[in-house]
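Since the structure comes first, as structure tokens, the remarks are kept for the end.
The values are calculated or read from the model by the stated rules, or taken from the named source; none is laboratory data. None of the values given here were measured: they were computed from a predicted structure. Don't worry about glycine lacking a Cβ; one is built from the backbone with ideal geometry, like all the others, and counts go over all protein chains shown. Just so you know, the surface numbers come from the protein's heavy atoms only, side chains and all, with ligands and any DNA or RNA stripped out. Shrake-Rupley method; radii C 1.70, N 1.55, O 1.52, S 1.80 Å.
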Amino acid sequence: MKVPLSWLKEYIDVKLPPRELAHRLTMAGVEVSHIQKSGNDTILELDLTTNRGDCASIIGVAREVSALINRPLRPPRISEKDKKQKGIIKVEIKDRKGCPRYTGRVIKNVRIKPSPLWLKERLKSMGIKPINNVVDITNYILFETGQPLHAFDLNKIKEKTIVVRRAKEEERITTLDGRRRILDKSILVIADGKRAIALAGIMGGEATQVTNKTKNILLESAYFDPIVVRRGTKRLNLFTESSYRFERDVDSQGVLTASRRARDLILELAGGEEIAFVDKNLLSRKPKRIILRKERVNVLLGTRLSWNQIKGILKKLGFKIKGRSVEVPSYRREITREIDLIEEIARIHGYHRIPSILPEGRIASYSQEPFEKLVSKVRKTLVTCGLREVVNYGFISLEEGKRMSFAPREIIKLINPLTERQNIMRPSLIPGLLNNLIHNLNQGNSIVKVFELGRVFSPKKEQMALGALLSGEGDLYDLKGILEALCEELAIISPRIGSTSLPFLLSGRGGEVLVADKRVGLLGEMNPNVLSCFGIEERALVFELDLREFLLGRREKRFRELPKYPAIVRDIALSLPEKITSEELVQTIYSLGGELVEEVKFFDLDRGTQIPSGHKGLAYSISYRAENRTLKDEEIKRLHQRISLGLEKRLKARIRK
Amino acid sequence: MEERLLKIQKEAEEALKKAKTLEELEALRVKYLGRKGPLTLFIQKIGDLPREERPSLGRLANEIKKDLSREIEEKRGRLKERQALPSLDLTLPGKKPPLGGLHPITQVLNEVTGIFSRLGFRIVQGPEIETDYYNFEALNMPPGHPARGMLDTFYLTKNTLLRSHTSPVQIHVMEKEKPPIRVISLGKVYRYEAVDASHLPMFHQVEGFMVDEGVNFSHLKGVLEVFLNELFGPKTPIRFRPSFFPYTEPSAEVDIGCLICKGKGCSVCKRTGWLEILGSGMIDPSVFKAVGYDSEKYTGFAFGVGIERIAMLKYNISDMRLFFENDLRFLRQF
């Protein structure tokens, strides 16, 4: 909304410099977003909040300024007589909710011609192209009063009847912008005896517009329902100066004032004679009254305002006060409750005059959710492991979902996606991480080690997931090591990697992550075919966990006494058939060694030439310790020997020297 | 006899531990292993011993001698190596361990939640997929409300949507708990908005609210001033100006003095000298009504702040899209 200061000054005597005036308005909730010089004039650009339709006019802003600088408003002089002759035009309202008030005024024998210079200049400063005197006057009054008007060519109105009704399905109209529009029942129209001739509150129709040949006009000034107009503009994707104001609610009393003001100007600039006026008014004429309590004002604001101060503020804004009852002016229909009055008091008193105090009082339940603490620990651990955190969009493309072979029934689609690239909610973090990999490879970042914590979605639930990706450096054991470090730091039971094959993982190189035999996620090398679909030629290793499930494997951390007696460490190197897993081997060592085996630590995997084919070479350190005594070399020598023999016998292993 | 040998060994090893220089070490070697050393003398005189003890004692003496001379040589090696270390070109770069790091958005979120934690607020999470009721209706935005237009929304079904702000968390918490309440919530929010340098269809918000008897507008000001001063520095100018949100009344937009031009007016602050940083207000009675609170008894305030905007101002980032490209060259800078 533009406000040329020269225009504003017609209604209020304001001498403040533009910057100061802009500041005062902004600090009262009428935000001035720009101050612009235009010739000798200065134009303020207002950014109005949706509740302040009353300021969508020059007089409206003048009213606000009048309250702020404590000077009287000078509204234009208007002749208050209307010609109430009947029979010339008939008005019928069929949608009383959509249009509770409609006025029509007939002016005969006008002379259509260009507007005088001053009027043209005013419209230009508002960014509107002058057309002819009658149309320009309706636009001028719209800006001056905030009440949109429309002038019809009376002779083109069939049967001299105006019907306000909903459009019929597929009803057509060509609007003033020359576009043919197909309507439906959600749209309110002005019709004559035969057809729709205007979109109510939005735009007039071409067929009945005022042209150079027009002699007689019908001047419409009405109140259209904000919700109905908004639905119409959205449906047609058509937003006008008129709809902007109806959507924000116009002054129910201003309907008549604006019509009279326009008539005065038309008679002055276009000549002619007013011969009829119809006013169908279903709006309540009773002003709204609200009870206001002084204590409530101060309790809510933390102020100590007196009743006189409160009254002073409200009076300046045009409210009338009788006892504790406050009467709301017709142009502030959004004010319906005590709290709305308190807001008015606060903003005119000035937010800067309300003290700043830290609250005391009762302690709110304060303990942070344990989950939140764990999440920060997860982040910290992964950062310590050298991973960078990434953050991706919550949506991905259906195409990416297909590449990953996600089950269609697990996918949530957006009804109104912005683009095809973001049309489903992500069921997994992996596609996002792969996109991060592509981006970084394209930028020449060849080593990518990243993780993400974020929600993933399925029709049944929304859950917190943790995903990680390694590429360009490290192998699956590095990735598994990171997972193990995470478990160690969070005191989660050490995870096992299962062997169930997953469509996007390379078979034999990944599977589900199990904690205490429960499936909590997956880990493995990405299937190269899937990577190719994403346009990635490098290898990529990933894991993804359901974070809540994963954290359920947590135990409390408890201190264990440090051992009092020394440990003896002996290495063992062996070759054994490929199909025997390290896990099996370690279990066998524990069962053969009994309670003196404290820890079995892997340290080498050898596939060198010394190892027979179909076999692998593994090496471990076994640490022996007793709780209550120092172990003797001799006994450990015997025990180690027994374990070696046992492994040879049970697992067909061969001890290597 | 054996005890004498072991005593010599113990003595020698203790002396060895104490030796600090090559000279001391050499003196030690001469003392214990030299021609007049106790071990040499012992071996020379082994013939004086009873015949049956000679082999084992001889072996032991020789073993001790061998061990000791090996240990002396090892220590000599270590001492020599330490003294002979060459000088280094310390202008060569160091070997940096690979560093991980948190996303700048997480870092700002942590800072923001840290400040509110110290003020007694606790973190509560809410779902990203919401219903129309929680996102709009319970927050005083019935169907057709003009403010719905400001929050253009992604829909999943007619009734479910991606939350367009974190305010639904207010409703979830108040439905379950009674005052006193001090809560903050954080996370992703979604808006149906075309992408450019300052608009993305997804960004992060922190929502906070406090409800109890006697909570008023001056408390809102106090808490937010502490917050902004902690975040942007103690001398940052702050102003509260009236605004409009359907779920608060009175509502306030909070501005800070422009960090770039220090209030002189620049392109970042559109020549106003001020930057809009958060929206806030006293919780509207209609919101209390939706959760069954008595708005005559309880009052409260709420606020919401965009995290990307704060991060952009703090780090002088001009294009919001960088946050979700996740270019490592970008991420490494924080």
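Laid out as a table, the results:
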| read-out | value |
| --- | --- |
| At 1.306 mPa s and 10 °C, Stokes D of the stretch A:473-607 from Kirkwood alpha-carbon radius, µm² per second | 91 |
| q = 0.13, 0.15, 0.16, 0.18 Å⁻¹, the stretch A:527-637: log10 I(q)/I(0) [Debye, one scatterer per Cα] | -0.82, -0.95, -0.99, -1.04 |
| Area accessible to solvent at A:SER621, 1.4 Å probe radius, in Å² | 30 |
| Prolate/oblate/rounded call for the stretch B:104-331, Cα gyration tensor, a/c under 1.5 rounded | oblate |
| Prolate/oblate/rounded label for the stretch B:129-207 (Cα gyration tensor, a/c 1.5) | oblate |
| Of A:LYS2/A:LYS234; A:LYS377/A:LYS460; A:LYS413/A:LYS460; A:LYS15/A:LYS124, pairs whose Cα-Cα distance is over 18 Å | A:LYS2/A:LYS234; A:LYS377/A:LYS460; A:LYS15/A:LYS124 |
| For B:SER164, residues with placed amide H under 5 Å, excluding near neighbours | B:TYR190 |
| Cα point-scatterer Debye curve for the stretch A:217-376, base-10 log of I(q)/I(0) at q = 0.12 Å⁻¹ | -0.80 |
| Peptide A:445-452, shielding by other chains (average Cβ, 10 Å cutoff) | 3 |
| Cβ-derived FRET efficiency at R0 45 Å, A:HIS352 paired with A:GLU80, nearest 0.05 | 0.60 |
| Whole-Å distance, taken between Cα centres, linking the stretch A:310-387 and the stretch A:232-248 | 31 |
| Chain B - mean residue ellipticity at 222 nm from DSSP helices (-39,500 (n - 2.57) per run, n ≥ 4, rounded to 500) | -12000 deg cm²/dmol |
| Neighbouring partner chain Cβ atoms per residue of A:298-304, average, 10 Å criterion | 5 |
| With all protein chains modelled, accessible area of B:LEU88 [1.4 Å, Å²] | 140 |
| Loop-located GluC sites (Glu not before Pro) in the stretch B:247-334 whose Cβ has at most 14 other Cβ within 10 Å (DSSP) | B:GLU296 |
| Folded to 0 to 90 degrees: helix B:2-18 orientation relative to chain B principal axis, Cα | 50 |
| Computed accessible area, A:THR145, all protein chains, 1.4 angstrom probe, square angstrom | 50 |
| Interchain or long-range residues, amide H under 5 Å from A:ILE12's placed H | A:ARG74 |
| Relative contact order, percent, chain B [alpha-carbon distance under 8 Å, six or more residues apart] | 15 |
| Å² of accessible area per residue within chain A, as computed with a 1.4 Å probe and no ligands counted | 49 |
| Centre separation in Å (Cα based) which lies between the stretch B:216-233 and the stretch B:131-165 | 29 |
| Solvent-accessible ranking of B:CYS269, A:CYS385, A:CYS533, largest area first, probe 1.4 Å | A:CYS533, A:CYS385, B:CYS269 |
| For A:219-231, mean number of other protein chain Cβ atoms within 10 Å | 1 |
| Loop-located trypsin sites (Lys or Arg not before Pro) in the stretch A:588-624 whose Cβ has at most 15 other Cβ within 10 Å (DSSP) | A:ARG607 |
| Per-residue [θ]222 nm for chain A (sum of -39500 (n - 2.57) over DSSP H runs n ≥ 4, rounded to 500) | -9500 deg cm²/dmol |
| Fraction in percent of alpha-carbon pairs per bin - 10 Å, the stretch A:2-69 | 22, 64, 14, 0 |
| Cleavage-rule hits, GluC sites (Glu not before Pro), the stretch A:437-536, DSSP coil, Cβ neighbours within 10 Å at most 15 | A:GLU473 |
| Shape of the stretch A:184-291, Cα gyration tensor, a/c cut at 1.5 | oblate |
| Whole-Hz ³J(HN,Hα) from phi, Karplus 6.51 cos²θ - 1.76 cosθ + 1.60, for the stretch B:163-179, glycine and proline x | 3, 9, 7, 8, 4, x, 4, 3, 5, 4, 5, 5, 5, 9, 10, 9, x |
| Reachable lysines, given that their alpha-carbon falls under 20 Å from the alpha-carbon of B:LYS20 and they are not under 8 places away in the same chain | B:LYS10, B:LYS31, B:LYS75, B:LYS80 |
| Amide H within-cut-off set for A:LYS288, under 5 Å, with H built and near neighbours excluded | A:VAL328 |
| Chain B: angle of helix B:22-33 to the longest principal axis, Cα-based, in degrees nearest 10 | 40 |
| Under the Karplus curve 6.51 cos²θ - 1.76 cosθ + 1.60, θ = phi - 60°, whole-Hz ³J(HN,Hα) for the stretch A:288-293, x wherever Gly or Pro sits | 6, 10, 10, 7, 10, 9 |
| Phi-based couplings in Hz for the stretch A:524-534 (Karplus 6.51, -1.76, 1.60; Gly and Pro marked x) | x, 8, 5, 4, x, 5, 5, 4, 4, 4, 7 |
| Kirkwood Rh in Å, taken over the stretch B:152-286 so that all alpha-carbon pairs contribute | 16.8 |
| The protein assembly as shown - Kirkwood radius from inverse mean 1/r over Cα pairs (Å) | 35.3 |
| Whole-percent carbon and sulfur share, accessible surface of chain B, 1.4 Å | 53 |
